[in-house]
Amino acid sequence: MPAIKSLDELKRIREEALKKKEMKTASGSIQVIVAMGTCGIAAGARDTMKSVLNYIEENKVSGVSVTQTGCIGMCEHEPIVEVVVGEQPKVYYRKVNAEVAEKIMKEHVQGGKPVESNILPLQV
Amino acid sequence: MREISLHLLDIAENSVAAGALNIRIEVHEDINNDILQASVEDDGRGMDAETAKSVLDPFYTTRTTRKVGLGIPLLKLAAEQSEGGLSLASQPGQGTRVEVTFRHSHIDRMPLGDLASTFLAVLVAYPHIHWIFNYRVTQAGGEREEFTFDDTELKAELGDLPMTEPEILSFVRAMLEEGVGAIKP
């Protein structure tokens, strides 16, 4: 059995994370949703997801919820990512590779300014 | 999709869509018997025999946005092309189990790919689901190594603290990567 990280270590980390999170909750909720239908996965959505998670880890971004959804019917635009910041309307992004994902995390999720070049215009 | 791990992600997404609350992903690299076996088992709503059969048909899909579902048929084809196969067992109201095998040493066998990333993606994205990951390697001499991750303890420890908090994410990612990496042939 390989040595894996112990849950005791997690206990310490948990306390730390909890403190930081409490300081952050005032900024409102941020949701990042990666489309993971067959089409999305085939187009590279897992790398997109990985890039989002890496960004959170490396830049210690607290209070962002990251989830997945299925095919939303616009397979030609995959990988698709949806971003919801607080009460603002949801922004759909198209062709989100690892690099674009990083840009979205930096400029939109952290900076509050949507990344215009990859917005998927929706005729809702 | 040129990675078994991506197909497992795809199948697990089907399990999530089927309303599963418990999903188990298993991979066994049995070098001793020259077989690579992978499965996804869930307790979702399941399918009747007719639907289960049609899942293998590329012109069947539950999606409403278009009429072709290629995930499982393509995986089946890839498995058959490397002397393996795909089987699907399902009971309405009980759940579904999809199992795929490949000849491990077959020249056309799809690479396993980044298993840890697949585990991490579903674990983080669907925290309400109880995930069990099991990765086993049986060496040519018959020695077995195994990495099992059951998220029960982790979630009990975390309480309502989300896995997407950077410190937690870092811990979970490292745990999965180390666990898989330690036994990967």
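A few notes on this one:
- Options B:PRO185, B:PRO73: the member that is under 28 Å from B:ARG45 (Cα atoms) and modelled with pLDDT under 95: B:PRO73
- Subset of the range B:156-172 that is facing chain A (nearest Cβ under 7 Å) and among the charged types (D, E, K, R) - its residue that is farthest from A:ALA17 (Cα to Cα): B:GLU157
- The residues on offer are B:GLU165, B:GLU146, B:GLU153, B:GLU157, and the sole one that is under 23 Å from B:ASP42 (Cβ atoms) and at pLDDT below 95 is B:GLU153.
- Residue match in the range B:160-172 (condition: surrounded by fewer than 16 Cβ atoms within 10 Å (Cβ to Cβ), among the hydrophobic types (A, V, I, L, M, F, W, C) and not in a strand (DSSP E or B)): no
- Pairs linking a residue in the range B:136-148 that is loosely packed, with under 14 Cβ neighbours inside 10 Å to a residue that is of a type in the set (D, E, K, R), with Cβ atoms under 8 Å and 6 or more positions apart or on different chains, are B:ARG144/B:ARG136.
- Residue satisfying all of: in the range B:126-155; assigned to a helix (DSSP H, G or I) and over 20 Å from A:GLY63 (Cα atoms); nearest to the other protein chains (Cβ to nearest Cβ) among these: B:GLU153
- B:THR101 being under 14 Å from B:GLU26 (Cα atoms), part of a helix (DSSP H, G or I) and among the β-branched types (Val, Ile, Thr): no
- The helices (runs of 4 or more DSSP H) falling completely within the range A:21-111 that include 3 or more residues that are within 12 Å of chain B (Cβ to nearest Cβ) and among the aliphatic types (A, V, I, L, M) map to A:38-43, A:45-59.
- The set of residues in the range A:73-116 being in contact with a His (Cβ under 8 Å, 6 or more places away or on another chain) and not charged (D, E, K, R) consists of A:VAL83, A:VAL85, A:VAL91, A:PRO114, A:VAL115.
Here's the yes/no breakdown for (1) in contact (Cβ under 8 Å) with a residue 12 or more places away in the chain; (2) within 14 Å of chain A (Cβ to nearest Cβ); (3) assigned to a helix (DSSP H, G or I); (4) acidic (Asp, Glu):
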{"site": "B:MET1", "(1), (2), (3), (4)": "yes, yes, no, no"}
{"site": "B:SER15", "(1), (2), (3), (4)": "yes, yes, yes, no"}
{"site": "B:GLU26", "(1), (2), (3), (4)": "yes, no, no, yes"}
{"site": "B:LEU36", "(1), (2), (3), (4)": "yes, no, no, no"}
{"site": "B:GLY46", "(1), (2), (3), (4)": "yes, no, no, no"}
{"site": "B:GLU50", "(1), (2), (3), (4)": "no, no, yes, yes"}
{"site": "B:ALA89", "(1), (2), (3), (4)": "yes, no, no, no"}
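- The range A:1-29: number of residues that are at pLDDT below 65 and either within 23 Å of B:ILE183 (Cβ to Cβ) or of a type outside the set (S, T, N, Q) (or both): 7
- Complete set of residues in the range B:20-38 that are under 25 Å from B:LEU123 (Cα atoms) and either at pLDDT below 95 or hydrophobic (A, V, I, L, M, F, W, C) (or both): B:ALA20, B:LEU21, B:ILE23, B:ILE25, B:VAL27, B:LEU36, B:ALA38
- Screening A:LYS90 with (1) at pLDDT below 95; (2) touching a Leu at 6+ places or on another chain (Cβ under 8 Å); (3) surrounded by fewer than 22 Cβ atoms within 10 Å (Cβ to Cβ) gives one miss only, at (2).
The values are calculated or read from the model by the stated rules, or taken from the named source; none is laboratory data. What you are looking at is a predicted structure, and each value in this text was computed from that prediction instead of being measured. Neighbour counts run over all protein chains shown; Cβ positions are idealised from the backbone, glycine included.
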